1. 222 nm [θ] for the chain, helices only, -39500 (n - 2.57) per DSSP H run of 4+, per residue, to 500?
2. Between Arg313 and Gln164, with labels modelled 7 Å along Cα→Cβ, what's the label distance in nm to one decimal, could you check?
3. Based on the alpha carbons, how large is the Rg to Rh ratio for the stretch 113-248 when Rh follows Kirkwood?
4. If you build the Cα gyration tensor of the chain and take the root of 5 times each eigenvalue, what three semi-axes come out, in whole angstrom, biggest first?
5. By its C-alpha gyration tensor, with a ≥ b ≥ c as the square roots of the eigenvalues, how is the stretch 246-307 shaped: rounded for a/c under 1.5, else prolate for a/b larger than b/c, else oblate?
6. List the relative contact order of the chain as a percent without decimals, with contacts defined as Cα pairs under 8 Å and 6+ residues apart.
7. Taking the Cα centre of the stretch 227-352 as origin and charging only Cβ (+1 Lys, Arg; -1 Asp, Glu), how large is the dipole, in debye to the nearest 20?
8. Multiply the residue gap between Ser200 and Glu37 by 0.36 nm, knock off their C-alpha separation, and tell me the result in nm, one decimal place.
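Where a number appears in this text, it was derived from the coordinates with a stated rule and is not lab data. Fair warning: this is a prediction, and the values are worked out from it, not measured in the lab. Glycine gets a Cβ as well: all are built from the backbone with ideal geometry, and neighbour counts include every protein chain shown.
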Amino acid sequence: MARLLASNPIEFARTRVAAAALLLSILPLAREANGQELSIGIIDIYGLRRVSVDQIEAALTFKEGDTISMGNDEPPRVLTESESRLSGLPGVTRARINPVCCNEGRVIIFVGIEEQGGAPTLRFRAAPTGSARLADDIVRSGKEFFEALMPAIQRGDAGEDHSQGHALNHDPATRAVEERFVTYAKRDLRQLRLVLRTSSDRNQRALAAQVLGYADDKKAVVGDLVRAMRDPSDEVRNSAMRTLLVFADAQPGRSVSIPRVPVEPFIDFLNSPVWSDRNKSSGALLALSAKPDPRVLAAVRKKALASLVEMARWKSVGHAYAAFIILARIAGYSDEVAESLLDRGERESVIKAAIARK
């Protein structure tokens, strides 16, 4: 199994879930790999209930071991062609293909399927059309953040400190930008909230959701971020859920008041065909179920058991980790026992126990 950011899959997974501020979708991956040929290391398919894996694989125009060319901030044609072919299959409503970094230096391709008559379709509000924009220094800092973070992730330096209720990276260059976000959130709180709600620019909305996580009064911005989870843009939802995930993962201290993050909004996103929706919602629910609440685990099991099972079987241990641990909690395992079983390659025993749990 891939062990990219640390020497064992558990340490890697913790780093990946809690610390990777971007958890690459097609656009940032394209920016970083512009003009490069990348080998496909893993293909994972999810969302299937009636349509077969064989049907999906036959419609794909690529396979593991192939190379894809990234560039110009646009998805490679081989991926868009596959999405079109998949969406035309009988029983398929839509398909989403997401290349993600990385498995031993090779790209991971997640293929998400939404079936006709399957899980309830997620509904999003209309895209806002307002003219509100962020200050120029915030926009510049947002660009500098990604420019600093990408090399840090590639070096394996993706650790984060959440003790203050917001993300502060171990990497000095990334942390320096995040420390500016604290200043911006204090200076421009009203404008950040306005941009998130009303701006027609989805990139500005996504950046606003990120910077709002650095507000002094984090409780005051939870409602803004939960509302942004129904934004039509994948990038905005990803950023909002990422910020809420950090809130949920933080530990309250004498000088830090951690807001209550609601569980319910995240559960539906476990059934999304969009990889970043599943990635962030599972990460948030991993944090929110750390102190097991039977009602929370029962709600997750009722609405998203099948999705958690397929995610826990993903080939990349780091990406499967959050779903696996949530299933282990549903099955009644302690995290320590579950991690030991994961280390021994015994995922299936935990999955079967969660399915059988009443």
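1. Numbers: 16 runs with 187 residues, N = 358.
For the chain, the value works out to -16000 deg cm²/dmol.
2. Roughly 4.4 nm, to one decimal.
3. 1.00
4. Numbers: eigenvalues 170, 122, 86 Å².
So the three semi-axes of the chain are 29, 25, 21 Å.
5. On the way: a/c = 2.96, a/b = 1.65, b/c = 1.79.
Oblate, since a/c reaches 1.5 and b/c is not below a/b.
6. Values: 631 pairs, mean separation 62.8, N = 358.
Normalised by residue count, the contact order of the chain is 18 percent.
7. Working: 19 positive and 15 negative charges, 60 e Å.
Result for the stretch 227-352 is approximately 300 debye, rounded to the nearest 20.
8. Values: separation 163, 0.36 × 163 = 58.68 nm, distance 3.35 nm.
Extending this stretch completely gives an extra 55.3 nm.
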